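Take a look at the structure below.
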Amino acid sequence: MSSFNIPQNLCVTFHCLYDNNSDPLLVNRELFIHTDEIRNFFIFLANEGYNFCLPENAIKGRKNCVVTFDDGYFNNSLFIKIADELNIPFIIFLTGFNIENQIPFLWDLVAISDHKTNYWNTDYSLTYKQLEVYKSKLMNDSYRPFVLDELNSFSDNKLINLGYHGYYHQPFTLYGEKFIDRELGNSEAFMKKLNNKLTINHFAFPNGLFSFYSRQKIKLQYDYIYTIETGGFSIGSKFINRFSLVNPDIYGDLKSQIIKSNRLSRRLYRKFTTLKISYS
């Protein structure tokens with residue numbers, strides 16, 4: 001498949017990886033991509049001439065690809081071997097609360113709980129307290145977050161970068177505006193516990209959601225801001241659109257996911273949906 005319908009300046013994000021030795025996938029299987037799939041995808045991009053880089057190192061006139069992971073799942077460590085093989089710098093955007101407190105991510109706790117809850121417009125700090133009873137069901141290498149020592153052990157690997165993703169992963173929606181100072185302050189304190197050789201001043205909106213107010217506030221504080229609005233990014237812009245890629249067994253191969261998401265109708269639908277949820 002040609003890269004004709006893939007943006008010249010491409011940013012992709014992933015959440016979870018697994019391989020043949022991984023712990024069983026219990027919930028949210030759609031977030032998981034097998035390491036063979038992701039390796040083949042990046043070999044394809046390399047053969048198409050893509051330069052793997054961070055946004056500040058993108059080269060005008062070249063095809064550029066920025067690689068990111070959201071949240072801080074330990075399973076992201078499965079990518080290191082692939083990154084080393086193909087010389088791919090990448091960013092892991094970290095949610096501090098989970099790493100500091102060693103508690104699984106909220107959406108996984110909700111999925112494995114006996115009762116389902118619409119947690120979007122809740123105070124995540126309180127919702128975690130309600131669901132932490134289910135923690136033990138998910139503290140395996142497929143679902144647990146990194147621990148601080150594991151992250152700091154990456155300090156000699158120049159391909160690994162750690163960015164900001166809030167503290168509780170509270171969405172920066174109209175409802176979430178009241179929590180922004182808490183999210184940013186706690187996240188900043190957490191990131192200071194990491195080796196400064198790893199951290200970069202890049203921020204990814206939790207759930208890709210934001211109000212106009214939160215977008216303007218974040219713009220003043222960070223060098224680059226990442227959304228999950230599809231489409232290519234512009235070199236020199238602070239705002240980086242990303243394609244969120246998911247399990248090919250469910251949604252089709254990774255290249256096709258990008259091509260479909262890059263259609264104008266899908267991009268407009270994604271933008272409308274993001275605005276609707278952000279202001280609901």
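Taking amide hydrogens as placed 1.01 Å from N in the peptide plane, the amide H of Cys11 sits under 5 Å from those of Val66, Phe233, Phe243, each at least 5 positions away in sequence or on another chain. Projected over every direction and averaged, the convex hull enclosing the alpha-carbon atoms of the chain yields 13.9 nm². Across the accessible surface of segment 113-237, with the other protein chains kept in place and a 1.4 Å probe, carbon and sulfur atoms take up 49 percent. Computed over neighbours whose Cβ is under 13 Å from that of His15, the net charge equals -2, Lys and Arg +1, Asp and Glu -1.
Model label sites at Glu48 and Ser153, defined 7 Å from Cα along the beta-carbon direction, differ in position by 3.5 nm. Given R0 = 25 Å, the distance between the Cβ atoms of Gln216 and Ala189 translates into a calculated FRET efficiency of 0.65.
Full extension of the segment from Asn20 to Ser113, taken as 0.36 nm per residue of separation minus the current Cα-Cα distance, would add 30.8 nm.
Computed over protein heavy atoms with a 1.4 Å probe, the accessible surface of the chain works out to 44 Å² per residue. Evaluating 6.51 cos²θ - 1.76 cosθ + 1.60 at θ = phi - 60° for every residue in segment 111-123, the Karplus couplings come out as 5, 8, 6, 6, 10, 8, 9, 8, 8, 4, 9, 10, 7 Hz, glycine and proline recorded as x.
The values are calculated or read from the model by the stated rules, or taken from the named source; none is laboratory data. Since we're looking at a predicted model, the values are computed, not measured. Heads up, the Cβs are rebuilt from the backbone with ideal geometry, glycines too, and the neighbour counts pull from every protein chain shown. Accessible surface areas use protein heavy atoms only, side chains included; no ligands, DNA or RNA. Shrake-Rupley method; radii C 1.70, N 1.55, O 1.52, S 1.80 Å.
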